[in-house]
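To start, the structure itself, in C-alpha cells.
Please treat every number below as a calculation from the coordinates, not as lab data. Not measured: the values here are computed from a predicted model. FYI the Cβ positions are ideal-geometry reconstructions off the backbone, even for glycines, and counts take in every protein chain you see.
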Amino acid sequence: MAVVDGLFGKSVKSRNFVFFGNKKKLVLAAILGLGVSFIAIWSTFSSPYSMVYSPMRNFGWIGSGVSQHRDENVRSPPPFLPASSNVDAADSEEEKERIEIGEGSLVGSESGKEKRGSVGIEEKRSEASVGSELEGLEMGGDAEEAEGDDREKRVEEDFGYLFERNGHQNWKLCDGGRTSVQNFIPCIDLERTGSGKLKKHRHQERNCPDEAPMCLIPLPKGYESSIPWPESNDKVFYRNVAHPKLSAFLKTQTWLKLDENFLIFPRNESVFKGGSSRYLESITELVPDIDWGKNIRLVLDIGCTDTDLEFALFENNVLTLSLGLMNDETDLAQVCLERGFPAVLANLESRKLPIPYGVFDAIHCGECNIPWHFNGGIILLEMNRILRPGGYFIISFRHGDIEDEEVMSQLTRSISWNTMAHKTDEETDLNVKIYQRPSSNDEYELRRIKGPPLCNTDETQNSVWYTPIENCLHNVPTSIEHRGTEWPEEWPKRLETFPDWLEDSHEKLIADTEHWKTIINQSYLNGLGINWTHVRNVMDMRAIYGGFSAALSSQKIWVMNVVPVNASNTLPVIFERGLIGVYHDWCQSFSTYPRTYDLLHADHLFSRLKKWCKQPSSVVVEMDRILRPGGWAIIRDKSAILKSLEVILRSLHWDIKMTFFHKKQGILCAQKTSWRPSL
C-alpha cells in the first residue's frame with residue numbers, strides 16, 4: 001500500500017474500497033501485486049517525461065534542486081520543497097485572473113482583420129476594480145483531484161484537437177518564393193505570386209495570410225550562434241543579419257563597420273557629435289527636468305537610426321523600445337535585436353501602435369524621416385496618445401525645408417505641446433527640439449483654434465489592434481482613481497510602488513510579485529539547466545502584471561511583455577512599473593524578425609488558444625521562427641496540453657530538458673537546436 005501511495009501521491013483509501021473475508025483480501029493483494037508489476041514495466045519502457053511524481057505543496061518550486069548546467073533530463077522532483085505562502089494567478093481559473101481596469105477594448109474594427117485566424121475576440125471590459133482579477137489565486141488542485149480520473153479524461157478530450165495526436169513529423173522549409181526567406185516576417189513581408197520581381201517587399205500595414213504559415217524558416221548561409229551579452233554590444237556576426245541593403249548602408253556610416261565576419265560598433269561613434277552619451281547630457285542641460293534613469297525610465301526611439309543611443313540610455317537605467325519602421329529596407333531593427341536591445345516592427349501611417357495610452361516618459365526621433373505633416377498631422381496625434389501627460393517629445397534633424405519646419409511648429413501648437421528648448425549645432429548642422437505634452441486639460445481649452453477636437457470619449461484610447469488613428473485629442477485624466485494623473489515614482493521605486501489608481505489591489509499585486517520572485521530564484525535560475533549568461537532577449541508570451549519581468553530585473557536581460565488582445569488589458573500596469581511590452585494576437589505572427597529571442601516564457605498560454613485560434617499549432621511554428629538556435633522555452637500549462645506539445649517539439653528536434661506534472665498541471669523546459677529539414 002505504501003508503494004502505491006508513493007507512486008500515485010494519494011491514499012488508496014480515497015477509492016472507498018471495502019473488502020470482507022480473507023478471500024477478498026487475497027484478491028486485493030493479487031490485484032495490487034499485478035498493479036505494481038505493471039507500473040514497474042511501464043516506468044521502464046515509457047517516456048521519462050510521463051512519470052508520476054509525489055505531490056508538492058506549491059507547483060512553482062519545481063526543479064529548485066537541479067544543477068544549472070545539468071544536461072541530462074530531469075526525472076525526479078527536487079529533494080527539498082518547502083511550503084510556500086505565495087500564490088499562482090496562472091494556475092487558477094481564467095475568470096479569476098482578469099484585471100478589470102476599465103481601459104476599453106483592445107480590438108478595432110477596421111475591415112474585420114482582427115478576426116483573421118481567430119475564433120473570437122472578447123468584448124470590451126467594463127469599468128471595474130483591479131481586485132476582481134486577482135481573487136482566487138490559490139491553485140485549484142484539490143478540487144480537480146476530487147473529480148477523479150474522469151476529469152483528466154475530459155481535459156485530454158477537450159484539448160486533444162489543439163495539436164494533432166502524432167504531431168507534425170514532416171516539416172518543410174519555407175520556399176524561396178518569399179523575399180529573403182531566411183528573414184521572412186509573415187504579416188509584414190510580401191510573397192511572390194509568380195516569377196516576376198517585386199517592386200517592394202513589405203506590406204504598407206500589417207496584413208496576415210488567411211492561413212498561418214506552417215513551414216520552418218531556414219538559417220542564413222554561414223549563420224553562427226549569436227554572441228552573448230555584453231560582447232554583443234561591441235560586435236555581432238554579420239552573416240546573421242546580412243542583406244544587400246544593409247551592405248550599402250554600411251558604406252555611409254561611422255557608428256557601425258564591417259570587419260571580416262563581424263559587424264563592429266565602435267565606442268563613442270554615433271550620428272550625434274561627441275557620441276550618444278554627450279548627446280543625452282546636452283538634452284539634460286537644455287531641460288534639467290529630464291533626469292535619465294530616474295523620472296525618465298521608458299523611452300520610445302523611432303527608426304532605430306543609431307543603436308549606440310540605446311546603449312547610452314541603457315547605461316543610464318533607461319529602458320528603450322526601438323520602433324523599427326516597416327519601410328526601412330536596411331532592417332536596422334534586426335541589428336538592434338541582434339546587438340541585444342528591445343525592438344519591434346510597425347508602421348506609422350494610419351493605424352495605432354499596439355501600445356496603451358500615456359505610457360512613455362519620452363519619445364525620441366533622431367533623423368527618423370517621419371512625414372509628421374502627413375494626413376493633417378495624424379501621426380503626431382498617435383505620439384500624443386502614447387506619450388505620458390507631461391512627457392517629452394525629442395526630435396533631432398538636419399537643416400532642411402523651412403516650410404516643413406513651419407508646418408511642424410503649427411502642428412505642435414495645435415495640440416498644445418510646449419516648446420521647451422531648441423538648439424542648433426552649427427558644425428554638424430543638427431537641430432534638437434524638445435516638446436512637452438500638457439499635463440492638464442487647461443491648455444487644450446485655451447487654444448484659439450479648437451482643432452484637432454477633443455475626443456468624445458476616452459473608451460477607445462486603448463483600442464489599438466487594427467484600429468485607425470483617431471483624429472482627436474484624448475482628455476488628460478483628472479481623477480486620482482484614473483491612470484495618468486500622477487507621474488510614477490523614480491526608478492527603481494516604481495517597479496514595486498503601486499500608484500493610487502491601483503490602491504485597492506496593492507496587497508494582491510505584491511503577492512503576485514513575490515510569487516514570481518520565488519519561482520525565478522528557486523526554480524528558473526538554478527533548476528532548469530538554463531545557462532543564463534547566454535540569455536539576453538526574453539519574451540513573456542502571456543504577461544499579466546509583469547511579475548515575471550520584475551523578478552528578472554536584477555539580471556542583465558530585458559523582457560518583452562506581451563499581453564494577448566484576447567485577454568484582459570493589463571499592459572498599462574506593466575508600463576506603470578517601468579517595464580515594456582506590446583499587445584498581440586497569437587493567432588498571427590509577431591512583428592519581429594526570425595531568430596531574435598533567447599528565451600520564450602508561456603504561462604498557460606496554450607490552454608487559451610482553443611478559444612482564440614483556428615490553428616493553435618501555428619503558435620509552435622511561430623515560436624520556432626522567433627527563437628534563436630540554442631534558445632530556450634519554458635512552458636507552464638495543463639498536463640494534457642504539455643504531453644501533446646512535447647510530441648510536436650520533439651518532431652522539431654528540440655531538446656526536451658525537463659517535464660514535470662502535478663495535479664493536472666505541468667511545466668516543460670526545452671531548448672531549440674539548429675536542426676532544419678532538408679530540401
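Key figures
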quantity	calculated
For region 268-399, with +1 on Lys and Arg beta carbons and -1 on Asp and Glu, the positive-most of Thr305, Gly377, Phe393 along the dipole	Gly377
Other-chain or far-sequence residues with amide H under 5 Å of Ile296's (modelled H)	Asp291
Residue-span extension gain [Lys556 to Lys450] - 0.36 nm each, minus C-alpha spacing	33.4 nm
Residues listed by number, region 471-491, amide nitrogen under 15 Å from Asn418 label point at 7 Å toward C-beta	487
Approximate spin-label separation Asp259-Glu406, in nm, with each point projected 7 Å along Cα-to-Cβ	4.9
Links that overshoot a 19 Å alpha carbon limit, given the list Lys643/Lys664; Lys643/Lys663; Lys235/Lys294; Lys610/Lys643	Lys235/Lys294
Order of Ser523, Ser414 - criterion: other Cβ atoms within 10 Å of each residue's Cβ, fewest first	Ser414, Ser523
Violating pairs (Cα-Cα greater than 22 angstrom) within the set Lys221/Lys672; Lys251/Lys433; Lys273/Lys556	Lys251/Lys433; Lys273/Lys556
Residue-wise HN-Hα coupling along region 266-274, computed from phi with Karplus coefficients 6.51, -1.76, 1.60 (Hz; x: Gly, Pro)	x, 5, 6, 9, 7, 5, 9, 4, x
Dipole in debye (nearest 20) - region 528-679, about Cα centre, beta carbon charges: Lys, Arg +1; Asp, Glu -1	320
Built amide H within the under 5 Å cut-off of Arg202, gap 5+	Leu190
3J(HN,Hα) from dihedral phi, region 312-329, Karplus parametrisation 6.51/-1.76/1.60, rounded to Hz, x for glycine, proline	4, 5, 4, 5, 9, 6, 9, 9, 10, 9, 8, 9, x, 8, 5, 8, 7, 7
Distant-in-sequence amide H partners of Leu454 (H built 1.01 Å from N, under 5 Å)	Leu473
Contour excess over end-to-end distance, with Cα ends at Ser350 and Asp210 and 0.36 nm allotted per residue	48.2 nm
